[in-house]
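The values are calculated or read from the model by the stated rules, or taken from the named source; none is laboratory data. The structure presented is a predicted model; accordingly, all values stated were derived computationally and were not measured. Here Cβ is always computed from backbone atoms with ideal geometry, including for glycine, and neighbour counts include all displayed protein chains. Just so you know, the surface numbers come from the protein's heavy atoms only, side chains and all, with ligands and any DNA or RNA stripped out. Shrake-Rupley method; radii C 1.70, N 1.55, O 1.52, S 1.80 Å.
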Amino acid sequence: MEAKLELESILLPGVEGKRPLIIAGPCSAETEEQVMNTARELSANGVKIFRAGIWKPRTRPGSFEGIGSTGLPWLQRVKKETGMYTAVEVATAQHVYEAIKYGVDMLWIGARTTANPFAVQEVADALRGTDMPVLVKNPVNPDLELWIGAFERLNRAGIKRLGAIHRGFSVYQKIKYRNDPQWQIAIELHRRIPQLPIITDPSHISGDSELILEVSQQAMDLNFDGLIIESHECPARAWSDAKQQVTPAHLKMIMNDIVIRDASIGDKPRTELDELRQQIDILDKQIVEIVAKRMSISEKIAKYKYENGITVLQARRYDEILASRRATAEQNKLNPDFVIKLYEAIHEESVNRQTAVMLELQKAAK
Ligand code: PEP
Ligand code: MN
């Protein structure tokens, strides 16, 4: 379904339109002192928009669930003393009313909230009649339609100053990052709604202060518009997301190290073909990475077979693989003969690997 949104700029007066737009501040507002110290340092480093979580959606109860409305006057003080704009996460109508009452300049909808259309609708209804810029994080699950649905709900409530925050997608298995970026989803969002600014959240994607630079660089190389980065005066002492927060000084280093490349070659704007190719490149990289993962499991199997005196090749198992992959191909509307050809190549390499591992183990045992 075509997404037709009526959009206006999210830029606030005095904030430059040049890439990247930076939003920084602590995961959570904890104390007035922590908020003010962090804000002063960030402001001195040129940050213009200050983020702080006031109401925190935590995975398990019992951890710090945000300071609540008590923290809103601290944000007012940030505005007054540093001139920075402030941004908070809202998940309910009450949050919206409170944030507006305390002069918050920008809101964002968190990943867990975007996944719930009832909650998004409640926030949209509470915002009706305001001119608030609202950023919508991707839902925790990789569902682009659900993400777009949230923009549509807000837009139908008259909210035109919209932007997206790409914060990666939750995965069960352990990967390098806390959340899987699945960049192709953000690229596809841009292809579907080209005027919508996209801000990357390297803090929640990586989950690790040491990986913020590389994720930010990737985001800039993909030509996204901004970065929202968690920064705390003393990350080690943070009450939430301690591992991924950076000090304001570290943030400054990251900003200096990021290379902003020109998105266009010469003066040619990027075409839809460029964007589709970019998605293909990302998916191809994932295909190769998955094949590599599969090979490393094959090697573990080889070790097991060696230790238990089993042969590398077992005809029945191979027949089972081919039959089940054929079925998967059909379910996914792929030509089964093509998928079988692919599997023959993968299986051949896997058998070669296993044979090599077993030979090596045999040699080592002698
Ligand atoms: C946050 O920004 O602190 C937050 C809770 O993020 P997310 O909704 O991406 O998990
Ligand atoms: Mn956080």
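Taking Thr86 as the residue in question, decide whether it is polar (S, T, N, Q), at pLDDT below 95 and under 21 Å from Thr113 (Cβ atoms).
So Thr86 fails the test.
Table: residues versus (1) open to solvent by 80 Å² or more (accessible area, probe 1.4 Å); (2) part of a helix (DSSP H, G or I).
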site: Ile297; (1), (2): yes, yes
site: Tyr306; (1), (2): no, yes
site: Ile310; (1), (2): no, no
site: Arg316; (1), (2): yes, yes
site: Ile321; (1), (2): no, yes
site: Thr328; (1), (2): no, yes
site: Leu334; (1), (2): yes, no
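Give the residue that is nearest to ligand 2 (Cβ to nearest atom), with candidates limited to residues of the stretch 120-138 that are outside any helix (DSSP H, G or I) and over 25 Å from the mean Cα position of the chain (by Cα).
Thr130
Being within 16 Å of ligand 2 (Cβ to nearest atom), more than 16 Å from His250 (Cβ to Cβ) and within 24 Å of the chain's Cα centre (by Cα) is the requirement here; does Arg60 meet it?
Answer is yes for this residue.
Do you know which residues across the stretch 107-119 are of a type in the set (A, V, I, L, M, F, W, C) and either within 16 Å of ligand 2 (Cβ to nearest atom) or modelled with pLDDT under 95 (or both)?
Matches in the stretch 107-119: Leu107, Trp108, Ile109, Ala111.
So, in the stretch 224-264, of the ones that are assigned to a loop (DSSP other than H, G, I, E, B), open to solvent by 50 Å² or more (accessible area, probe 1.4 Å) and not aromatic (Phe, Trp, Tyr), which residue ends up farthest from ligand 2 (Cβ to nearest atom)?
Asp262
Only one of these conditions is not met by Asn256: (1) closer than 17 Å to Lys18 by Cα; (2) touching a residue at least 60 places away in the same chain (Cβ under 8 Å); (3) of a type outside the set (A, V, I, L, M). Which number is it?
(2)
Say whether the condition of being modelled with pLDDT under 95 and open to solvent by less than 50 Å² (accessible area, probe 1.4 Å) is met by at least one residue in the stretch 62-81.
yes
Are there any pairs, at least 6 apart or on different chains, whose C-beta atoms fall under 8 Å, with the first in the stretch 227-245 and closer than 13 Å to Ser28 by Cβ and the second more than 11 Å from ligand 1 (Cβ to nearest atom) and of a type in the set (D, E, K, R), and if so, which?
So the pair list comes out as Glu233/Glu41; Pro235/Lys243; Ala238/Glu30; Trp239/Glu30; Gln244/Asp208.
Look through the stretch 208-219, keep the residues that are buried (at least 20 other Cβ atoms within 10 Å of the Cβ) and more than 15 Å from ligand 2 (Cβ to nearest atom), and return whichever of them is farthest from Ala52 (Cα to Cα).
It comes out as Ala219.
Limited to the stretch 19-52, what total is found for residues that are β-branched (Val, Ile, Thr), in a loop (DSSP other than H, G, I, E, B) and buried (at least 22 other Cβ atoms within 10 Å of the Cβ)?
Looking only at that region, the number is 1.
Suppose we keep only residues that are over 20 Å from the mean Cα position of the chain (by Cα) and of a type in the set (A, V, I, L, M, F, W, C) within the stretch 245-258. Which one would you say is nearest to Phe224 (Cα to Cα)?
Ranking the candidates gives Met253 first.
When the residues of the stretch 106-119 are narrowed to those that are within 13 Å of ligand 1 (Cβ to nearest atom) and in a helix (DSSP H, G or I), which ends up farthest from Arg51 (Cα to Cα)?
So, considering only residues that are within 13 Å of ligand 1 (Cβ to nearest atom) and in a helix (DSSP H, G or I), the one farthest from Arg51 (Cα to Cα) is Ala119.
Which count do you get for residues in the stretch 139-198 that are open to solvent by less than 20 Å² (accessible area, probe 1.4 Å), outside any helix (DSSP H, G or I) and farther than 25 Å from Glu210 by Cβ?
Looking only at that region, the number is 8.
Taking the criterion of being in contact with an Asp or Glu (Cβ under 9 Å, 6 or more places away or on another chain) and surrounded by fewer than 19 Cβ atoms within 10 Å (Cβ to Cβ), would at least one residue in the stretch 119-131 satisfy it?
Yes.
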